[in-house]
Amino acid sequence: MVLVVVFGVALLVAVLLSGLAARTVLSTSFLFLVGGALVSDGFLGLIHITPDSEMVSATADLALFAVLFTDGMHVSLPKLRANWKNPARALGLGMPLAFVFMALVTHFLVGLDWTTSFLVGAVLAPTDPVFASAIVGRREVPAKLRQLLNVESGINDGLALPVVMLLIAAAGPTASGMEASPGKIAVELLLGLLFGIALPLLVNWLVRFRLLGAEPKLQPLLPLATGIIPYAACHLTHANPYLAAFSAGAVLAHVSPEAEASFEPLGESLAELAKFAALLVFGALLTPKLFGDLSLGGYAAVILAIFLIRPASLLLSLLGTRLSRREKLVAAWFGPKGFASVVYGLLVLQSGIPQAEEAFTLIAVCIAFSIVAHSSTDVPIARAFDVEDLAGLPDRPHHTNTPQTASLQVHPGTGGT
């Protein structure tokens, strides 16, 4: 019950400060992260949570599913078909480059064996738009940039999971009896995709019957049910829940725009609550001992992961695209490590492989640093897109024979998360 009180207080503080966060670098995500750390065993000792606690993995898993489901609803399939090349480059080239570069840095700076180093690279390869919500949520940010980051982060979670599972199996004997094979993983991915596509189509077919249909006040619950069922089905069948979540949201929004519109306010609120709960629980794991256990080489690897590896990997993958220089730089910077990395990092720790604790320490510190760095910079960078470039290097098309002027107006939007 203490955890519930702490969550309520943190939620109240976050809501009261959300207006300030929308105008500054203050991050509500950071507030929950710090709040969890303050009440943990490392400081006040009000709650007692360990990395192997079921609460940790359950809240992170639920938050990731909820976020991916709502993110999938923001993906326009017609627009994606017309502009698939940039996300494909990010996923097909940028993600593997980040994976390999992170593995090299982990091996040579942290001293983990090659298999575990590649495992760390796979865990930290997925990105999460939650901690850069001002970029993917503000209309002044170019649509192609928002789509690139949203689609990339929605799909790379499912792509990374098979690699994580295979590398855990290859890293040595496991305490949890994890077994993975390419065939089994392929079946899990296909099942997840099947659940994510079939259920929204079934629901859309059912609502067309004359005797069926939801009254207005219950309409938002129809998409909610469409999300809950595949979540449970995936866990019962060991299908990939993250691929199911993203595909279910995208298909539902495509076949039933009215359902997406009715669910959006409720869905965003539920996703925020799940996200905040997961951040609070994850923050409770960030004790002084955890940070003290990471070597100087580990901290160097964390800095390189955030400031060099992700930016360089994505910039290389976007060479030759029609994105402007500023759009490429923003896309390269916003590769935050989020809930997928938390969930996969916990899988590594709970697997019991020989270097599981060292790998998890590096992963957890990298996620914490990434949350702080990216969630505190999304608002000011998003606002910069609403100001014309005064140096004569415009990042958006201008009419010819018209003087270039700067617009200092800032459109309202969601704050930093």
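The values are calculated or read from the model by the stated rules, or taken from the named source; none is laboratory data. Note that the structure is a prediction, hence the values are computed from the model and not measured. Methodologically, a virtual Cβ is constructed for each residue, glycine included, from the backbone with ideal geometry; neighbour enumeration extends over all protein chains shown. SASA here: full protein model, heavy atoms, side chains in, ligands and nucleic acids out. Shrake-Rupley method; radii C 1.70, N 1.55, O 1.52, S 1.80 Å.
Some points to look at:
- Whole-percent carbon and sulfur share, accessible surface of the chain, 1.4 Å: 69
- Heavy-atom accessible surface of the chain, averaged per residue, reaches 45 Å², computed with a 1.4 Å probe.
- Charge-dipole axis of the chain as Lys and Arg at +1 and Asp and Glu at -1 on Cβ define it, positive-most pick from Pro288, His74, Ala300: His74
- Net dipole in debye of region 246-302 [+1 Lys, Arg Cβ; -1 Asp, Glu Cβ; about Cα centre; nearest 20]: 380
- Magnitude of the charge dipole, region 291-363, Cβ model with Lys/Arg +1 and Asp/Glu -1, debye to 20: 600
- Set of aspartates and glutamates near Lys217 by C-alpha distance (under 18 Å), chain-local residues within fewer than 8 positions excluded: Glu258, Glu260, Glu264, Glu268
- Comparing mean-square fluctuations of Thr70, Thr59, Thr287 from a GNM of the chain with C-alpha springs under 10 Å, the top value falls on Thr287.
- A value for Rg and Dmax of the Cα atoms in Å was derived from the coordinates, and within the list (i) 27.4, 96; (ii) 21.2, 70; (iii) 21.1, 61 it appears as (ii).
- Helix-only mean residue ellipticity at 222 nm for the chain, each DSSP H run of n ≥ 4 adding -39500 (n - 2.57), per residue, nearest 500: -21000 deg cm²/dmol
- Exceeding the 18 Å Cα-Cα cut-off - candidates Lys85/Lys328; Lys85/Lys337; Lys79/Lys337; Lys85/Lys184: Lys85/Lys337; Lys79/Lys337; Lys85/Lys184
- Membrane-span-like helices of the chain, defined as complete DSSP H segments with a Cα extent of 20 Å or more along the helix axis and a mean Kyte hydropathy of at least -1.0, are identified as 2-21, 54-73, 143-170, 182-206, 221-237, 241-255, 257-284, 356-375.
- Among Val13, Val110, Val207, residue whose mean-square fluctuation peaks in a GNM of the chain (springs only between Cα atoms under 10 Å): Val207
- Projecting the Cα atoms of Val348, Phe246, Leu31 onto the charge dipole of the chain (Cβ charges, centred on the Cα centre) puts Phe246 farthest toward the positive pole.
- Only Lys, Arg, Asp and Glu carry charge here, each on its Cβ (+1 for the first two, -1 for the last two); on that basis the chain has a dipole of about 1160 debye about its Cα centre.
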